[in-house]
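**Student:** Got a structure here, written out as C-alpha cells. Questions coming.
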Amino acid sequence: MKTLIAYFSHTGENYFGGSIKNISKGNTEVVAEFAQKASGGDLFQIQTVKDYPVNYKECTEVAAAEGRAGERPALKGSLPSIADYDTIILGYPCWWGTMPQAVFTFLESGDFSGKKILPFCTHEGSGMGRSESDIKKLCPKAIVAKGLAVNGSSCHNAEASVKKWLEAN
C-alpha cells in the first residue's frame, strides 16, 4: 500500500489562542511531517498559484470571500497521480468551518474512488468543522475515516497523537 500525505498550510501571521503570531512553518505542515514520519508516505504540499496574504486579517477576508463564492483557486505545479496511492492523509487548517478552497480544488482534481482518506486539520477552537462531510460529498466513492483535529498552537506537541490516530486507521 502506498500513502500520500497531501496538505495545505499557511505561513505568516496565524491566530494562537488569543493573539496573532508570525510563523515561518505552517501548523498543518508541522503535523503533516509527523504523519510522514509515522507512515513513511510521500509528502505533497498543496499550493495555490496566487499566494494568500501574510497578514492574518487580510488572509481571513480572502478565505471568507473564496468560500462564499465557492471559488476553486488554481494550484501550482503538477499534482500527484492519485491512482498510485491507496491511502491519502489529507491535512489543512480549518478556515470558516471547513477546508480552504484550495483543498476543494485538490479533491476535485482526481478520482478518489476506493481510496481511504484520513483527514486532519489544525484549528484554534473549531475542530474539524464540516470538513469531513464536505470531503464525503466531494469524494462519495472514497472511504473517509474519522478525522483528527489538532489545536494549531500546540501542534508541535502532537506527534504521539498523530501516530496513535494513524495506527488506529
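The values are calculated or read from the model by the stated rules, or taken from the named source; none is laboratory data. If you're wondering where the values come from, they're calculated on a predicted model, not measured in any experiment. Here the Cβ positions follow ideal geometry from the backbone for every residue, glycine too, while neighbour counts run over all protein chains shown. Note: accessible area is taken over every heavy atom of the protein model, side chains too, but ligands, DNA and RNA are not part of it. Shrake-Rupley method; radii C 1.70, N 1.55, O 1.52, S 1.80 Å.
**Student:** Whole-Hz ³J(HN,Hα) for each residue in segment 150-164, computed from phi via Karplus 6.51 cos²θ - 1.76 cosθ + 1.60 with θ = phi - 60°, x for glycine and proline: what do you get?
**Tutor:** Those phi angles translate into 10, 5, x, 6, 10, 4, 5, 9, 9, 4, 5, 5, 5, 4, 4 Hz.
**Student:** Gap in Å between the Cα centre of segment 74-104 and the Cα centre of segment 1-58?
**Tutor:** 11
**Student:** Indicate, rounded to the nearest 5 percent, the antiparallel portion of the DSSP beta bridges found entirely in the chain. Don't skip to the answer; put the middle values down first.
**Tutor:** Numbers: 7 of 29 bridges.
About 25 percent, rounded to the nearest 5.
**Student:** Accessible area per residue for the chain in Å², computed with a 1.4 Å probe and the full protein assembly in place, what is it?
**Tutor:** Working: 8300 Å² over 169 residues.
That works out to 49 Å² per residue.
**Student:** Let me know the shape class of segment 10-57, please: from the alpha-carbon gyration tensor, a ≥ b ≥ c as square roots of the eigenvalues, rounded when a/c is under 1.5, otherwise prolate if a/b is greater than b/c, or oblate. Before the final figure, lay out each step's value.
**Tutor:** Working: a/c = 3.99, a/b = 1.57, b/c = 2.55.
The shape class here is oblate.
**Student:** What number comes out for the charge environment of A158, summing +1 per Lys or Arg and -1 per Asp or Glu over other residues with Cβ under 11 Å away?
**Tutor:** Overall, the nearby charge balance is 0.
**Student:** Using helices alone, what [θ] at 222 nm do you get for the chain, with -39,500 (n - 2.57) per DSSP H run of 4 or more residues, divided over all residues and rounded to the nearest 500? Show your work: numbers first, answer last.
**Tutor:** On the way: 5 runs with 53 residues, N = 169.
Helices in the chain give a 222 nm mean residue ellipticity of -9500 deg cm²/dmol.
**Student:** If you don't mind, another one. Tell me the Rg and the Dmax, in Å, that the Cα atoms of the chain produce.
**Tutor:** Here Rg and the maximum Cα pair distance are 14.7, 42 Å.
**Student:** List the aspartates and glutamates whose alpha-carbon lies under 15 Å from that of K164, not counting same-chain residues fewer than 8 positions away?
**Tutor:** E33
**Student:** Set the bar at 32 Å for Cα to Cα. Now go through K2/K76; K21/K146; K2/K57; K2/K25; K50/K115; K37/K137 and name every pair that lies beyond it. Don't skip to the end; give the middle numbers.
**Tutor:** Numbers: K2/K76 23 Å; K21/K146 30 Å; K2/K57 38 Å; K2/K25 26 Å; K50/K115 29 Å; K37/K137 29 Å.
Over 32 Å apart, Cα to Cα: K2/K57.
**Student:** What part of the accessible area of the chain, given as a whole %, is carbon or sulfur when the probe is 1.4 angstrom? Numbers along the way, then the final one.
**Tutor:** Numbers: 4030 of 8300 Å².
Of all accessible area on the chain, carbon and sulfur atoms account for 49 percent.
**Student:** Taking θ = phi - 60°, what integer Hz values does the Karplus form 6.51 cos²θ - 1.76 cosθ + 1.60 yield along segment 115-129, in sequence order, with x for Gly and Pro?
**Tutor:** 7, 9, 10, 10, x, 9, 9, 10, 7, 10, x, 8, x, 6, x
**Student:** Rounding to the nearest 20 debye, state how big the charge dipole of the chain is about its Cα centre with +1 on each Lys and Arg Cβ and -1 on each Asp and Glu Cβ.
**Tutor:** On the way: 18 positive and 18 negative charges, 67 e Å.
That gives a dipole near 320 debye.
**Student:** Can you tell me the length gained on complete extension of the stretch S154 to Q47, counting 0.36 nm per residue apart and subtracting the Cα distance?
**Tutor:** Gain on stretching S154 to Q47: 36.2 nm.
**Student:** Now for a separate question. Testing the spin-label approximation: label points 7 Å from Cα along Cα→Cβ at F16 and D86. State their distance in nm.
**Tutor:** Reported label-point gap for F16 and D86 is 3.9 nm.
**Student:** In whole Hz, what ³J(HN,Hα) sequence does segment 77-92 give by Karplus (6.51, -1.76, 1.60; θ = phi - 60°), x for Gly and Pro?
**Tutor:** Rounded to whole hertz, the list is x, 8, 8, x, 6, 4, 4, 7, 10, 9, 10, 10, 8, 10, x, 6.
**Student:** Just the number, please: percent antiparallel of the DSSP beta bridges in segment 90-169, rounded to the nearest 5.
**Tutor:** Numbers: 1 of 11 bridges.
Bridges in segment 90-169 are about 10 percent antiparallel.
**Student:** Additional query: Among DSSP beta bridges whose residues both lie in segment 1-75, state the antiparallel percentage, nearest 5. Show your work: numbers first, answer last.
**Tutor:** Details: 6 of 10 bridges.
Counting DSSP beta bridges with both partners in segment 1-75, the antiparallel share is about 60 percent.
**Student:** Evaluate the distance, in nm, between pseudo-label points positioned 7 Å from the Cα of K37 and of A65 along their respective Cα→Cβ axes.
**Tutor:** Placing both labels 7 Å beyond Cα along the Cβ direction yields 3.8 nm.
**Student:** With label points built 7 Å along Cα→Cβ from the Cα atoms of I143 and D111, find their separation and express it in nm.
**Tutor:** With each label placed 7 Å out from Cα toward Cβ, I get 1.9 nm.
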